[in-house]
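Computed from the coordinates by the stated procedures, all read-outs in this text should not be read as laboratory data. Being a predicted model, the structure only gives us computed values, none of them experimental. Ideal geometry is used to build each Cβ from the backbone, glycine not excepted, and the neighbour counts take in all protein chains shown.
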Amino acid sequence: MHFKILIAEDEDITRKHLIYALKREGYEVVGTRNGREALEQIDREYFDVLITDVKMPEMSGIELLEKTRERYQNIEVLIITGFGSIDAAVEAMKKGAYEYITKPFNLDELVLKVKNLYERKMLKRENVALKAVFDMNKGVSIIARSESMLKIMEIIEGMRDSDSHVLLTGENGVGKTLLARVIHFTSMRQNMPFLSINCATLSEDLLARELFGSEEGTVTAAIPATRGLIEIADNGTLFLDGVTEMPLALQTRLLRVIENAEFFRAGGTKPEKVNVRFIASTHQNIQERIRDGSFNENLYYRLNVMEIFIPPLRDRKEDIEPLAAYFLKKHLPASHKNISGFTEESMEILMNYSYPGNIRELENIIERAVILEKGPLITPDSLPRSIRIFRIETFQPDSIKTIDELTREYAEKILELVDGDKKKAARILGVSELSIYRILKVE
């Protein structure tokens with residue numbers, strides 16, 4: 001059971017009894033002696049529930065409640081109050097406490113209240129997860145029709161209660177950014193920030209400032225202090241797209257963030273504490289980057305707690321038709337057209353293309369077809385000529401063709417394109433007309 005409870009209680013005996021009773025129920029429990037210690041603990045790690053006494057030294061339970069709700073909306077707060085302090089409990093409820101319990105309390109009663117909180121939180125998480133799956137079944141999750149993608153969705157479903165870092169690998173355009181969002185929005189951090197940055201598009205200095213921020217006057221005297229994405233993503237998720245393109249110096253700084261849960265702004269002398277989940281992606285062969293010294297091996301192991309490989313679209317043909325239907329539905333409203341689907345021939349062309357640009361390329365093809373199509377169905381004429389002419393073969397053991405077969409098939413496509421004009425086909429192919437007859441084996 002991954003459900004973390006923080007107890008703020010200055011009475012040692014009460015605190016120990018609470019910790020014992022709740023741990024016996026299977027919860028993860030941490031105890032602190034006052035509000036100040038509790039707030040420091042909350043800043044260090046994620047908790048589902050805070051149980052706090054109203055009257056404590058250094059910081060009262062009401063003040064702790066206020067600061068907690070201000071910083072972390074996702075934590076539920078249960079107030080413990082003395083019998084004569086019901087007014088304080090009512091005030092706490094107004095400030096966002098889930099419920100209160102009066103001293104002296106029955107441990108079984110408190111355990112029941114925590115159980116109700118647990119079930120409420122789990123139901124909320126389940127609803128978010130179901131919403132994500134439902135939304136994807138209506139649209140984006142149509143991707144998950146192939147066996148390989150269904151297995152990936154099962155893995156993500158099994159990660160809902162995990163807070164581990166994730167490495168997504170696969171070619172450009174396979175949907176790594178989408179899966180990063182799904183992982184975040186079906187996780188315990190769902191109500192916290194999800195931020196992303198493309199590590200390949202920024203210079204080292206700019207990427208450093210974007211990630212770590214800077215103190216006032218670091219760049220120029222006129223520029224105020226800025227918060228970086230790592231700081232803004234505190235308690236949430238930061239998606240590092242193209243992480244293998246990050247310069248080595250920044251990889252070292254990122255590794256320190258993951259290991260120590262703290263970082264320094266540019267020009268800063270005081271470490272800033274953060275609690276960030278990192279999801280990283282790359283289309284590179286990361287093992288080769290480690291071997292050639294351009295990627296930090298320790299950072300790889302820190303990020304690679306869970307690695308998910310997303311196969312290219314050409315290896316999951318079952319996803320092409322539903323994806324095409326989804327993209328048609330997505331781009332139709334802006335066109336003000338009434339296109340209901342695809343002709344059999346155009347779908348066959350789409351199914352036989354190998355999509356070097358993967359899902360992103362398929363969407364571009366469909367968007368273009370919607371713009372060009374004048375009829376009720378997407379026809380081959382609305383598809384790019386390049387995919388009508390070329391069929392990039394996927395090599396399967398039982399379907400490998402000889403060079404002669406491939407050459408003849410290609411020549412036939414060109415001949416079809418020029419309406420059977422062999423002289424014109426020969427000129428396009430850069431061969432003699434006699435060679436065309438030889439290639440086609442035409443007598």
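Would you order Ile80, Ile152, Ile258 from fewest to most other beta-carbon atoms within 10 Å of each residue's own beta-carbon?
Ile258, Ile152, Ile80
In this simple spin-label model, placing a label point 7 Å from the Cα along the Cα-to-Cβ direction at both Leu112 and Arg71 gives a separation of 3.4 nm.
3J(HN,Hα) couplings calculated from phi for region 260-273 with the Karplus curve 6.51 cos²θ - 1.76 cosθ + 1.60 (θ = phi - 60°) are, in sequence order, 10, 6, 7, 8, 10, 5, 4, x, x, 10, 10, x, 9, 7 Hz; Gly and Pro show x. If you take all other residues with their beta carbon under 11 Å from the beta carbon of Leu150, and give Lys and Arg +1 and Asp and Glu -1, the sum is -2.
Expressed as a rounded percentage, what relative contact order does region 314-389 have, with Cα pairs under 8 Å and six or more residues apart?
39
Report note on the peptides 259-266, 308-315, 272-279: ranked by the mean count of other C-beta atoms within 10 Å, highest first, their order is 272-279, 308-315, 259-266. Phi angles of region 14-29 translate, via the Karplus equation with coefficients 6.51, -1.76, 1.60 and θ = phi - 60°, into HN-Hα couplings of 4, 4, 5, 5, 5, 4, 4, 5, 6, 5, 4, 7, x, 7, 8, 10 Hz per residue; Gly and Pro are given as x.
Residue order for Met93, Met351, fewest other beta carbons within 10 angstrom first, comes to Met351, Met93.
Expressed as a rounded percentage, what relative contact order does region 140-311 have, with Cα pairs under 8 Å and six or more residues apart? All intermediate terms of the calculation are to be shown ahead of the outcome.
On the way: 294 pairs, mean separation 54.8, N = 172.
Across region 140-311, relative contact order equals 32 percent.
State, as an integer percentage, the relative contact order of region 157-201 based on alpha-carbon contacts under 8 Å between residues 6 or more apart.
Relative CO of region 157-201 lands at 43 percent.
Under 5 Å between amide hydrogens, built in the peptide plane, is the criterion, and for Gly31 it picks out Ile7 among residues at least 5 positions away or on other chains. Taking the Cβ of Pro311 as the centre, find all other residues whose Cβ is under 14 Å away and add up their charges (Lys, Arg: +1; Asp, Glu: -1). Taking every Cβ under 14 Å from that of Pro311, the sum is 0. A simple count of charges around Met192, restricted to other residues whose Cβ falls under 12 Å of its Cβ and scoring Lys, Arg +1 and Asp, Glu -1, yields +1.
Distant-in-sequence amide contacts of Tyr100, defined by a placed amide H-H separation under 5 Å and a gap of 5 or more residues or a different chain, comprise Ile79.
Arranged by the count of other C-beta atoms within 10 angstrom, fewest first, what order do Arg256, Arg33 take?
Starting with the residue having the fewest Cβ neighbours, the order is Arg256, Arg33.
Exceeding 30 Å between C-alpha atoms, which entries from my cross-link table qualify? They are Lys176/Lys329; Lys329/Lys424; Lys317/Lys424.
Lys329/Lys424; Lys317/Lys424
Residue ranges 342-349, 322-329 sort as 322-329, 342-349 when ordered by packing (mean number of other C-beta atoms within 10 Å per residue, highest first).
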